[in-house]
Every structure is written in structure tokens, then in C-alpha cells.
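First comes the structure, then the notes that go with it.
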Amino acid sequence: MLPVLIAAVLVASLGGGAAAPVGSQPVVPGSHPGSVDSQPRIVELYPNPAAHGDDGEFVRLWVPPEADLGAYALADDRVRVPLATNGSEGPPQPPPGGGYVTLSTQPNLTATLTDRRPSGIDDRLQLANGGDQLRLLRGGTVVDEVTYDRAPEGEVYNATTGRWQPLAATDRPVVTAGNATVEAFVLPDEPDRTLEVLRSAERRILLAGYTLSSQRVVDALLAADRRGVSVEVLVEGSPVGGLSETAAAALDELAAAGIPVRVSGGERARYRYHHAKYAVVDDRALVTTENWKPSGVGGRSSRGWAVLTPQDRIVSGLVKTFRADAGWVDAIPWTEYESRTVVEDEPASGEYPTAFDARSVPVERTRLLVTPDNAEGELIGLLDGAEESIAIKQVRIGSRDFRLLEATLDAAERGVQVRILLSSAWYVRDENEQLAAWLREQAETGDLPLSVRLADPDGDFQKIHAKGVIVDGETVAVGSANWNANSLQENREVVLMLEGEAIAGYFSAVFDADWDDRGGQRLPLGLALAVLAGAVLAVLVAARLTFEG
């Protein structure tokens, strides 16, 4: 394959992700023009069902406690439909204490399309595919209104976000867990750690990824299956440029053994890419920045970050995410997947030193974030709360006006010390050099405490593939989400946000080594952490572990 073509494909691929299933959580009500907090709100519209004749349209309301829907009506420019005229059943009733009500002219059909529980409404109300304005009235007063443009087939309009999304898109909540001890490690330094986790399985392995082509991972999954472990696999069906020959062969081998292998894609795909990279192994969850391939978890190329956690709520949250993504019609059995594009493999055979060992560290709190459901706002909130420092490690940053970059620049304007480390790999070098030059110009013009570099691996790894941020030396975000709008808004990504000086200190030490490029000089891990804590001499006396920078 020509280098120029490969470059175009790889640059385009740096978004990665997917979308969601039946079993979605309720839309969280928000404010939009015309809404009144004490009144019901329109939160969703489904004007253009995939069914013939637009059968199954619905409107979803959020209803505050004790609201009497019989006093309200829905109206557009053609018709006004009182909610009290709901046949013999009377007006629909919200759950006790308030909640969500779904209204449909064909509730039985709508119930087959979604997990929402619809109530009937006068069939004179028809939502226009070409765009419309729907108003919620109490008497003659408009208490809420939503205007939408042309409706994509099979997609729901979220009035809170102002965006269309597939009907079965999830709305996963942020899952939070308290104090625990987790394991942190980096690649390529620990090329066997992921295999050790998979080989330890006794009951279950749920493996989710963008691509899977590592024969060692395949062998570990097959061995687990043979000893009675329940194994399931979910990966992206159409990664940018197509599946590699090795990836297709890996999925064939797993499916031939009877392991359920599903690929995300097809005409009803909810995400642009299923780009998440995690595994649930018994009662532990592994979240990483790396793909299930030799260059990633195999330690043959990329600098990556990973966290292994036993926290029940995080594990449960990932199980629910996996079930949501593997349980809908866009998760197609590999043996039935017809849209296969197989391309040549990209070799990865590098050997790298073990500079940073895996380390068990305490965390004070862990939050599980997923895209497109909730991660963007949480990450912006993390950056907005920065007081002292921000360290960012990314393959690339999508654009100058990317929201997370804007939040980072805002932090620099507040006096927060910002460092941004980008990949120097050939397929993003020119783009990253241009962005770095622009950022340096912003720093100089605005006298901002901001520095940006392209990584010089110097034999410690081949390229940066990690996607991480460290704030104030106290919080670190680790996961699959790249810094671009597609990744946060269109893909399925998984990110752990972990709080605690020890966990942040571990990844800060790795960041500092990659930033400084100490060219192989060995440095105690204790020293790296002590620099952050301001107690270098005391820690040097006690430290015994040494790491190469």
C-alpha cells in the first residue's frame, strides 16, 4: 500500500467508535428555549421511523411531580391535540414523583421499536419529516417548544442536546466508585500483562475493541473457552481502511470455536465506530488506550496506558455497556457480516525496554465515562476545574476550535501550567507540527504558561497512541477517546477518570519521561513521584524500584 494512501487512511481513522441499544436510560432533561422548570418539557421527538408510512412516531415528555397532563396539549401549525383526549384511559400519567412519558399514535408498534413505554395520543398529530415546530401548551400558553429540521430516518431528536441520534442510542449515566486499589501499567513496557489478565479468567471474559488481530490474545480467549469460561467478543466491523487479513482470520478462528463474536456496523449502526478498548474478566475490568493487536496490547510499537480495577460499580457499568452495545441489531454476528473489506496487515515487531513496571496504587474515586453519552461534559469539567497543571498526551488534536482544547487554553489563561505531548508518527507529524506552531504562537502572544512538543521516543517506544490527561497531579483520565469531535460525539469510547495522587503520580512519571526524553537514564519511580510531591530527597532514600525514562 502506498505511504500516501496509508497516511490518509490512518489520519482519518483517529476518531474511532460506535453507538447504542434498546435498554437506554432516560434522557436527562435540560433547558432549551421556552422551557419552564415547573412545567413538563419536550425531550425527544421521533418523526421519521424506518417503518413504512412512518408508523411508530412518538413524542417524549419529562413531567415534574404532581403535574396534570390532562391540562396540556401538543400542537404544530396544523393541529392541536389535548392530552386529556386519550380514549377511555384518560390522560397519560407520569411515574410517582415525576418522570418520563412517551406519547404515540400507535403505542403498540412504538413499544416494539424502543424500550420506552408509550401511551396513546390522538392520531391527528403527525410529525413532519421535513421539519416542524412542536409546542406544548397549557391553556393558551406555550410552556415549551421544539423546532427541528429535516428528520433523518430512524433517528430521534434530542431536544436537550439539539442533536439527532439513532433510536436505540444509549444514555448511560456516569458511574462512580469510591476508594480502592487499582493496577496501573503502560505499554510497550508490560507486553504480557494483558495476556496474564485474560489467562486468569475463571468465569467470564467480555472483550470489547476497535480491532482484534493479536494471535496471543486469540489463543488466550480460546484457552479460556476450552476451560469453561464464558467468552464474548465485540469489535468494529468496518475500521478505517478495512479489517486486516490477520484480524479477519482472528475473528474466523474465534467464531469457528463457537465463541460469540459480534461486529458493530451495518445499515443501522448507532456509532460511527465502536472504538472502545476494554475487557471484563471475572470481577475485574481492564480499560486501555490500546487495540487488541501486536502493536497495541502486544507491546510491539505503541506507548499506551492501562488500568485494571476490581471496583464493583465500574465492572458492573462496563458489563451494562457491553450488553447494551452487543445486544442490539447493529451488533452483527461475525459469521453473518457481509460488509467485509480485508486489507493487508501492518507489521509490528519492535522490542522495547521495560522502563515502567505495573504498579498497584490507591485511588480515592473512579468515574466510568462513555461516549457519546456523557464523557465530553465530564472531561470539559475536569479541565475547567484545573488550578495548577494540565498534562495532555494524544496522538493528535482534531482542530484548533476543539472544545477540550479551548478549555485547555482557557485554563492556561487562568495561569494553569499546560503541557501538550503529541505523536511524531509520520502520518500525523505535519499536522501536529502545524498545531504545535500555532499553540506556541498563542502562548507567546498571550504570555500563557503553555508548552507543546512532539514526542521523540528515542527507542523507548515507536509512537504515541495513549489518550490521556492529568490535572493538578491529582486526577487522570485514561481510555480510548481521541481529542476530536467525532470521537466524543459519534463513537463509542470508554474512559476512566481516576482521582488520587498515587494514580496520577504514576502516569505523571511516564508523561515526564516521555516529555523530557532522558534517553535511557534510569530514574527511581519514587523520585518521579516525589518531584510532583515536592519531597525528592525523602523518597530517594526509600525508593527501590527503578525505571528507565
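Output the number of residues of the stretch 319-348 satisfying the condition of being in contact (Cβ under 8 Å) with a residue 40 or more places away in the chain and part of a helix (DSSP H, G or I). Lay out the reasoning, then the answer.
Initially, the stretch 319-348 is screened for residues in contact (Cβ under 8 Å) with a residue 40 or more places away in the chain, giving 319-335, 337, 339-346, 348.
Subsequent filtering for residues that are part of a helix (DSSP H, G or I) retains 319-326, 334-335.
Selection size over the stretch 319-348: 10.
Touching an Asp or Glu at 6+ places or on another chain (Cβ under 7 Å), within 26 Å of residue 280 (Cβ to Cβ) and surrounded by fewer than 17 Cβ atoms within 10 Å (Cβ to Cβ) - does that describe any residue in the stretch 365-375?
Yes: one or more hits.
Within the group 165, 106, which residue is under 23 Å from the mean Cα position of the chain (by Cα), modelled with pLDDT under 90 and of a type outside the set (Lys, Arg)? Write out each step before concluding.
Details: 106 fails: under 23 Å from the mean Cα position of the chain (by Cα).
Sole residue among the options that is under 23 Å from the mean Cα position of the chain (by Cα), modelled with pLDDT under 90 and of a type outside the set (Lys, Arg): 165.
From (1) closer than 26 Å to residue 375 by Cα; (2) assigned to a loop (DSSP other than H, G, I, E, B); (3) β-branched (Val, Ile, Thr), pick out the condition that doesn't hold for residue 233.
Failing condition for residue 233: (2).
Name the residues in the stretch 448-459 that are out of contact with any Phe, Trp or Tyr (no Cβ under 9 Å at 6 or more places or on another chain), more than 19 Å from residue 389 (Cβ to Cβ) and either of a type in the set (Lys, Arg) or touching a residue at least 40 places away in the same chain (Cβ under 8 Å) (or both), would you?
Scanning the stretch 448-459 gives 456, 458.
Filter the helices (runs of 4 or more DSSP H) completely within the stretch 483-549 down to those with at least 1 residues that are at pLDDT below 50, surrounded by 19 or more Cβ atoms within 10 Å (Cβ to Cβ) and assigned by TED's automatic domain parsing to the domain that holds residue 313.
Values: elements: 485-489, 501-516, 525-533, 536-542.
Answer list for the stretch 483-549: none.
Is there any pair linking a residue in the stretch 282-294 that is within 16 Å of residue 234 (Cβ to Cβ) to one that is part of a loop (DSSP other than H, G, I, E, B) and basic (Lys, Arg), with Cβ under 6 Å and at least six apart or on different chains, and which?
Short answer, once both residue conditions are applied: 288/277.
Mind checking which residues of the stretch 176-192 are buried (at least 21 other Cβ atoms within 10 Å of the Cβ) and of a type outside the set (Asp, Glu)?
Within the stretch 176-192, 177, 182, 184, 185, 186, 187, 188 meet the criteria.
Given the stretch 136-183, what strands (runs of 3 or more DSSP E) lie entirely inside it while holding 3 or more residues that are in contact with a Phe, Trp or Tyr (Cβ under 6 Å, 6 or more places away or on another chain)? Spell out the reasoning first.
Values: elements: 141-148, 155-158, 163-166, 175-177.
The strands (runs of 3 or more DSSP E) meeting that bar are 155-158.
Kindly establish whether residue 312 is among the charged types (D, E, K, R) and at pLDDT below 95.
Working: among the charged types (D, E, K, R): yes; at pLDDT below 95: no.
Criteria not met by residue 312.
Can you confirm whether the stretch 299-318 contains a residue that is within 16 Å of the chain's Cα centre (by Cα), within 23 Å of residue 490 (Cβ to Cβ), in contact (Cβ under 8 Å) with a residue 24 or more places away in the chain and outside any strand (DSSP E or B)?
yes
Name every residue in the stretch 317-339 that is over 19 Å from residue 166 (Cβ atoms) and surrounded by 14 or more Cβ atoms within 10 Å (Cβ to Cβ), in order of residue number. Let's see the steps before the verdict.
If we filter the stretch 317-339 for residues that are over 19 Å from residue 166 (Cβ atoms), which is where we start, we get 317-319, 333-336, 338.
Of everything in the stretch 317-339, those that are over 19 Å from residue 166 (Cβ atoms) and surrounded by 14 or more Cβ atoms within 10 Å (Cβ to Cβ) turn out to be 317, 318, 319, 334.
Does residue 225 satisfy the condition of being touching a Ser or Thr at 6+ places or on another chain (Cβ under 6 Å), buried (at least 17 other Cβ atoms within 10 Å of the Cβ) and either closer than 27 Å to residue 373 by Cβ or assigned by TED's automatic domain parsing to the domain that holds residue 306 (or both)?
On the way: touching a Ser or Thr at 6+ places or on another chain (Cβ under 6 Å): no; buried (at least 17 other Cβ atoms within 10 Å of the Cβ): yes; either closer than 27 Å to residue 373 by Cβ or assigned by TED's automatic domain parsing to the domain that holds residue 306 (or both): yes.
Here the answer is no, as residue 225 does not meet what is asked.
Would it be correct to say that residue 67 is modelled with pLDDT under 90, closer than 21 Å to residue 132 by Cβ and of a type in the set (Gly, Ala, Ser)?
On the way: modelled with pLDDT under 90: yes; closer than 21 Å to residue 132 by Cβ: no; of a type in the set (Gly, Ala, Ser): yes.
Answer is no for this residue.
Only one of these conditions is not met by residue 255: (1) under 27 Å from residue 466 (Cβ atoms); (2) touching a helix residue (DSSP H, G or I) at 6+ places or on another chain (Cβ under 7 Å). Which number is it?
In the conditions (1) under 27 Å from residue 466 (Cβ atoms); (2) touching a helix residue (DSSP H, G or I) at 6+ places or on another chain (Cβ under 7 Å), residue 255 misses (1) alone.
Considering only residues that are in contact (Cβ under 8 Å) with a residue 60 or more places away in the chain, farther than 24 Å from residue 477 by Cα and touching a Ser or Thr at 6+ places or on another chain (Cβ under 6 Å), which ones fall in the stretch 248-281?
255, 265, listed by residue number.
Just a yes or no: is a residue in the stretch 460-483 more than 23 Å from residue 382 (Cα to Cα), in contact with a Phe, Trp or Tyr (Cβ under 7 Å, 6 or more places away or on another chain) and not aromatic (Phe, Trp, Tyr)?
Applying the first criterion (more than 23 Å from residue 382 (Cα to Cα)) to the stretch 460-483 yields 460-463.
With in contact with a Phe, Trp or Tyr (Cβ under 7 Å, 6 or more places away or on another chain) added as a condition, the list becomes 460-461.
Okay, now just the ones that are also not aromatic (Phe, Trp, Tyr), so 460.
The answer is yes, given that some residue of the stretch 460-483 is more than 23 Å from residue 382 (Cα to Cα), in contact with a Phe, Trp or Tyr (Cβ under 7 Å, 6 or more places away or on another chain) and not aromatic (Phe, Trp, Tyr).
Within the bounds of the stretch 466-475, is there any residue that is touching a residue at least 24 places away in the same chain (Cβ under 8 Å), among the basic types (Lys, Arg) and not in a helix (DSSP H, G or I)? Before you say what the answer is, go through the steps one by one.
Residues of the stretch 466-475 touching a residue at least 24 places away in the same chain (Cβ under 8 Å): 466-475.
In the following step, the residues that additionally are among the basic types (Lys, Arg) were identified as 467.
Subset that is not in a helix (DSSP H, G or I): 467.
Among the residues of the stretch 466-475, at least one is touching a residue at least 24 places away in the same chain (Cβ under 8 Å), among the basic types (Lys, Arg) and not in a helix (DSSP H, G or I), which makes the answer yes.
The values are calculated or read from the model by the stated rules, or taken from the named source; none is laboratory data. All values derive from a computational prediction rather than experimental measurement. All Cβ positions, even for glycine, are placed from backbone atoms using ideal geometry, and neighbour counts span all protein chains on display.
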